[in-house]
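Enquirer: My questions all concern the structure below.
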Amino acid sequence: MSRPSAPDSSISSSSIIGGVRVRISAEETRLLQELILEHCGVSLGGDAGFLFERRLGPRLDALALGSFLEYVQHLSYDLDGPAELEECVERITTHETYFFREQFQLDVFSREIVPQLRATDPASTASRRLGPSVWSAGCSTGEEAYTIAMLLNDAGTRAPPAQVVGSDISRKVLATAQQAVYGQASFRTTPEAVRDARFEPAGAGLWRVAPDVRQLCSFVHLNLMDVARFAALGRQDVIFCRNVLMYLSSQARHRIVEGFYDVLVPGGFLLLGHSESLLNVTTRFDLVQLSGDLVYRRPR
């Protein structure tokens with residue numbers, strides 16, 4: 001999942017740019033924070049200046065800019081500004097995920113939610129013509145989306161097959177997701193038997209997701225603040241958005257969750273991270289107590 005990088009307090013509030021030490025001011029920090037907040041909803045704390053120094057200083061050098069104020073102006077007014085803003089967000093966020101993350105919630109998905117999807121009249125599922133549809137929002141490098149597909153395969157969802165779509169604001173992590181090749185760090189909680197059954201050796205200690213899992217998944221570049229594009233993904237039976245909302249402003253959380261509500265089918269589920277909730281975000285969802293977890297559901 002994409003999240004703001006933690007500031008490194010050992011770094012001073014200045015950078016070496018073109019051989020000259022350039023400081024970032026409080027005002028420049030505020031302007032950058034506002035641009036990022038407006039673009040993707042990420043809310044950065046008071047130590048953001050340290051983060052900007054470390055991660056964005058090299059961009060000033062690459063663009064031959066003399067100050068962070070010039071960088072703000074480049075982001076705001078230059079023809080290349082939108083592309084550079086993507087690069088900016090790429091550099092200030094960290095993408096941390098692995099297969100079968102938060103297993104207790106995945107168990108609830110497999111044991112209780114998927115059987116409900118299988119028992120539902122096909123005419124009321126997300127696509128009406130396809131099997132259950134699940135969206136991994138903020139999928140990072142794709143491990144969550146492929147994990148969901150594995151669980152759906154294990155559950156033997158009815159034909160036609162289920163559909164899993166992963167989305168992320170980072171084009172770089174989506175490229176990894178589409179390649180479906182992973183190193184050992186992605187298997188930190190995956191039993192070797194599962195890895196051997198669901199992945200193919202790809203050489204040099206790498207493993208590629210098996211074809212029967214890959215064929216269920218697709219990936220799309222999407223900024224969650226662009227809620228108007230949610231409809232293009234189609235109606236969803238389940239949305240996973242875990243450990244994403246916690247890094248966003250309250251206004252961004254409200255906007256995005258309302259968008260989730262609109263694309264979920266009546267009775268569809270929203271699964272958040274264990275430290276996240278919709279308290280003070282919206283009252284439109286029902287909070288449902290399942291045997292192993294609390295989840296949110298759009299009322300029928």
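No lab work stands behind these numbers, since they all come straight from the coordinates. Given the structure is predicted, the values throughout are model-derived calculations rather than measurements. FYI the Cβ positions are ideal-geometry reconstructions off the backbone, even for glycines, and counts take in every protein chain you see.
Enquirer: Among the DSSP beta bridges whose two residues both lie in the chain, what percent are antiparallel, rounded to the nearest 5?
Expert: On the way: 20 of 38 bridges.
That works out to approximately 55 percent antiparallel.
Enquirer: For a quick check, take a GNM of the chain with Cα springs below 10 Å and name the residue from GLU86, GLU28, GLU192 with the largest mean-square fluctuation.
Expert: Result: GLU192 has the largest fluctuation of those listed.
Enquirer: Take the alpha carbon gyration tensor of region 132-285, find the square roots of its eigenvalues, order them as a ≥ b ≥ c, and report rounded if a/c is under 1.5; if not, report prolate when a/b exceeds b/c, else oblate. Intermediate results must be reported in sequence, preceding the final value.
Expert: Numbers: a/c = 1.97, a/b = 1.61, b/c = 1.22.
Cα axes put region 132-285 in the prolate bin.
Enquirer: Same structure again: Pairing the Cα long axis of helix 48-62 with the longest principal axis of the chain, what angle in degrees results, from 0 to 90 and rounded to the nearest 10?
Expert: 70
Enquirer: If neighbour count is taken as other Cβ atoms inside 10 Å, put TRP207, TRP135 in order from fewest to most. Each step should come with its number before you reach the end.
Expert: Numbers: TRP207 22, TRP135 31.
The order, fewest Cβ neighbours first, is TRP207, TRP135.
Enquirer: For ASP286 and GLU34, what is the calculated FRET efficiency with R₀ set at 35 Å and r taken between the beta-carbons, to the nearest 0.05? Provide the component values of the computation, followed by the final result.
Expert: On the way: r = 35 Å, r/R0 = 1.01.
It comes out at approximately 0.50.
Enquirer: What is the sum of charges, Lys and Arg at +1 and Asp and Glu at -1, for the other residues whose Cβ falls under 10 Å from the Cβ of HIS74? Working shown, then result.
Expert: Working: positive: ARG59; negative: GLU70, ASP78, ASP80, GLU84.
Local charge sum for HIS74: -3.
Enquirer: Do the sum for the chain: with -39,500 (n - 2.57) for every DSSP H run of n ≥ 4, divided by all residues, what is the mean residue ellipticity at 222 nm, to the nearest 500 deg cm²/dmol? All intermediate terms of the calculation are to be shown ahead of the outcome.
Expert: Working: 11 runs with 111 residues, N = 300.
Estimated from H runs of four or more residues: -11000 deg cm²/dmol.
Enquirer: Please determine, in degrees from 0 to 90 and to the nearest 10, the orientation of helix 26-40 with respect to the longest principal axis defined by the Cα atoms of the chain, where the helix direction is its Cα long axis.
Expert: Roughly 30 degrees, rounded to the nearest 10.
Enquirer: Sorted by packing (mean other beta-carbon atoms within 10 Å per residue), highest first, where do 208-214, 226-232, 51-57 land? Kindly include the intermediate steps, with their values, before the conclusion.
Expert: Details: 208-214: 16.3, 226-232: 13.6, 51-57: 20.3.
The peptides rank, most packed first, as 51-57, 208-214, 226-232.
Enquirer: If I histogram all Cα-Cα distances within the chain using bins 20 Å wide from 0, what percent of pairs lands in each bin?
Expert: Calculated over all Cα pairs of the chain, the distribution is 32, 53, 15, 0 percent.
Enquirer: Report, to the nearest 10°, how far helix 81-92 tilts away from the longest principal axis of the Cα atoms in the chain, using its own Cα long axis and a range of 0 to 90°.
Expert: 80
Enquirer: Something else about it: Rounded, prolate or oblate: which fits region 255-297 when a ≥ b ≥ c are the square roots of the eigenvalues of the alpha-carbon gyration tensor, with rounded for a/c under 1.5 and prolate only if a/b beats b/c? Please report the intermediate quantities before stating the final value.
Expert: On the way: a/c = 1.91, a/b = 1.27, b/c = 1.50.
Verdict is oblate for region 255-297.
Enquirer: Using a simple spin-label model with points 7 Å from Cα along the Cα→Cβ vector, what separation in nm is obtained for ARG118 and THR94?
Expert: 3.9
Enquirer: Where does the charge balance sit around ARG171 when Lys and Arg score +1, Asp and Glu -1, over other residues with C-beta under 9 Å from its C-beta? Mind dumping the intermediate values first?
Expert: On the way: positive: LYS172; negative: GLU86, GLU90, ASP168.
Charge balance near ARG171 sits at -2.
Enquirer: Within a Cβ distance under 13 Å of GLU144, other residues only, what is the Lys/Arg minus Asp/Glu net charge?
Expert: Cβ neighbours under 13 Å give a net charge of -2.
Enquirer: Using 1/(1 + (r/R0)^6) with R0 = 22 angstrom and r between the beta carbons of SER25 and GLU276, what's the FRET efficiency to the nearest 0.05?
Expert: Details: r = 34 Å, r/R0 = 1.53.
That pair, SER25 with GLU276, gives E of 0.05.
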